1. Quick one, can you get me the convex hull of the C-alpha atoms of segment 55-94 expressed as volume per residue in Å³?
2. Check which residues have an amide H placed less than 5 Å from His2's amide H, if you skip close sequence neighbours.
3. What Rg and what Dmax come out for segment 49-123 when only alpha-carbon atoms are used, in angstroms?
4. I'd like the orientation of helix 61-73 relative to the chain: the angle between its Cα long axis and the longest Cα principal axis, in ° from 0 to 90, rounded to 10.
5. Counting only heavy atoms of protein chains, what accessible area per residue, in Å², does the chain have with a probe of 1.4 Å?
6. If I compute solvent accessible area with a 1.4 Å probe over the protein chains, what percent of it on the chain is carbon and sulfur?
7. Could you bin all the Cα-Cα distances of the chain into 5 Å bins starting at 0 and give me the percent of pairs in each, rounded to whole numbers?
8. Would you mind checking the tilt of helix 78-117 against the longest principal axis of the Cα atoms of the chain, expressed as 0 to 90 degrees and rounded to 10?
Amino acid sequence: MHTVKEAAMITGLTEHAVRFYTDKGLVPSVQRNQNNIRMFDEESINWLHGIKCLKQSGMSIEVIKMYVDFCLEGDSTIPQRYKLMMEHKEAALNKLEEAKQHIAHLEQKTALYQAIMEHRSPDTTNPGNWDKIKHMHSDVFYASSVQKA
């Protein structure tokens, strides 16, 4: 049996995370000794490793709890666990696409800054100056109601 500190060392989690996960009901096999101190057996350590993996994938505590509950119900919930993982995978793929778009935007911005520093382009990056250069960005930054004013 392992203490919270030992479980944290074994799993690479913080002691706070170990306590938090057990308090959220994510470690169903955790036991308590006569002094009400959490004690972790190998099954509990396995749950912590699994939770860590799911959390690192971006899964929320609420969804991890659903996963734990499905696991506790047994093999009959494999289709539900599969569906849960597929939904999580789809959400992760969507976030990846968003991240790719962010990177592309940042690539454009850094290229613009490089051009500005090399005096190949005027500085159009400072919103405080956009009123002076609005002709350059009128299609993007100014709504039709603002342009008429």
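The values are calculated or read from the model by the stated rules, or taken from the named source; none is laboratory data. No experiment lies behind these values; they were computed from the predicted model shown. Cβ atoms come from the backbone with ideal geometry, glycine included; neighbour counts cover every protein chain shown. The accessibility values were calculated without ligands, DNA or RNA, using every heavy atom of the protein model including side chains. Shrake-Rupley method; radii C 1.70, N 1.55, O 1.52, S 1.80 Å.
1. On the way: hull volume 2.2 nm³, N = 40.
In segment 55-94, the Cα hull volume divided by residue count equals 55 Å³.
2. Sorted by chain and number, the residues that satisfy this are Phe40, Asp41.
3. When restricted to the Cα atoms of segment 49-123, Rg and Dmax are 20.7, 66 Å.
4. 30 degrees
5. 70 Å²
6. Working: 5880 of 10440 Å².
Carbon-and-sulfur percentage of accessible area, whole number: 56.
7. Spelled out bin by bin, the chain gives 2, 8, 12, 13, 10, 8, 7, 6, 6, 7, 8, 7, 4, 2, 0, 0 percent.
8. 30 degrees
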